[in-house]
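Encoded as structure tokens, the structure appears first; notes follow it.
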Amino acid sequence: MTRIILFNKPFGVLSQFTDKSMEGSPRPTLSNYIDVPRVYAAGRLDRDSEGLMVLTDNGKLQAKIADPKNKMAKTYWVQVEGEPTGKSLANLSNGVMLKDGKTAPAKVHQIDEPADLWPRDPPVRFRKTVPDTWISVTIREGRNRQVRRMTAAIGHPTLRLIRAQIGDWTLGDLPLGQWADGQFKP
């Protein structure tokens, strides 16, 4: 039987079980939160990003989720600096040019700040003179720091990035730093 774990990764946690850096004191990893043998992260989530991670003991499923060739949809809630115009959001939807080429079309729309959102530690910097906006971005690619680079390309840097969904798996009401057994969904 395939084991699936859904985890709400906090800001600052590495999306692996060990810290192989030589930066002095070890940084927090998945092992600080998940004590389940033989499960592995299906994909990565940057240390400065938060939200849903899927872990499994099934190598084929892990590859299916993580490999961009499979084009599994991933949805992010993104707090950006400023107020993107309809044209800026349309540019994200149609694909933007990055240093490594144009991104594939994305589903993008403005949203209200997600309900019951946990406070981030450390907090996002606040500037009185610059508003911020929340958008939802769904992509099917998996380039390094892609969503952050996409919002920067339209002139609205990402302040906070939370992955809310991977395929059919959603963050739901899973508390920050907690994990739950997920159901197998091929």
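The values are calculated or read from the model by the stated rules, or taken from the named source; none is laboratory data. Since the structure is predicted, the reported quantities are computational estimates derived from the model, not experimental observations. Here the Cβ is made from the backbone with ideal geometry for all residues, glycine too, and neighbour counts use every protein chain on show.
A few notes on this one:
- Verdict on Val130 being at pLDDT below 95 and outside the structural domain of Pro37 (by TED's automatic domain parsing): yes
- Identity of the residue in the range 165-181, out of contact with any Lys or Arg (no Cβ under 9 Å at 6 or more places or on another chain) and not polar (S, T, N, Q), that ends up nearest to Tyr76 (Cα to Cα): Gly172
- Which numbered condition Leu89 misses (of (1) in a helix (DSSP H, G or I); (2) surrounded by 19 or more Cβ atoms within 10 Å (Cβ to Cβ); (3) in contact with a helix residue (DSSP H, G or I) (Cβ under 7 Å, 6 or more places away or on another chain)): (3)
- Residue that is surrounded by the most Cβ atoms within 10 Å (Cβ to Cβ) [pool: residues in the range 99-109 that are in contact (Cβ under 8 Å) with a residue 12 or more places away in the chain and among the small types (Gly, Ala, Ser)]: Ala106
- Test for Thr133: is it in a strand (DSSP E or B), among the polar types (S, T, N, Q) and within 25 Å of Lys64 (Cα to Cα): no
Residue by residue, here is whether (1) among the hydroxyl-bearing types (Ser, Thr, Tyr); (2) closer than 16 Å to Asp168 by Cα holds:
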| position | (1), (2) |
| --- | --- |
| Ile65 | no, yes |
| Tyr76 | yes, yes |
| Pro105 | no, no |
| His109 | no, no |
| Thr129 | yes, no |
| Asp132 | no, no |
| Arg140 | no, yes |
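- Filtered residues of the range 143-178 (kept if under 24 Å from Lys87 (Cα atoms) and part of a loop (DSSP other than H, G, I, E, B)): Arg143, Arg145, Ile154, Gly155, His156, Pro157
- Val124 vs. criteria in contact with a Leu (Cβ under 7 Å, 6 or more places away or on another chain), modelled with pLDDT under 95, part of a loop (DSSP other than H, G, I, E, B) and of a type in the set (Val, Ile, Thr): yes
- Residues located in the range 57-78, provided they are among the β-branched types (Val, Ile, Thr) and modelled with pLDDT of 95 or more: Thr75, Val78
- Considering the range 1-34, the residues that are part of a loop (DSSP other than H, G, I, E, B) and closer than 12 Å to Leu55 by Cβ include one that is modelled with the lowest pLDDT, namely Thr2.
- Applying a threshold of 7 Å to beta carbon distances and a minimum spacing of six or more residues, or different chains, the list of pairs starting in the range 110-125 at a residue that is touching a residue at least 12 places away in the same chain (Cβ under 8 Å) and ending at one that is among the aromatic types (Phe, Trp, Tyr) and in a loop (DSSP other than H, G, I, E, B) reads Arg120/Phe11; Asp121/Phe11.
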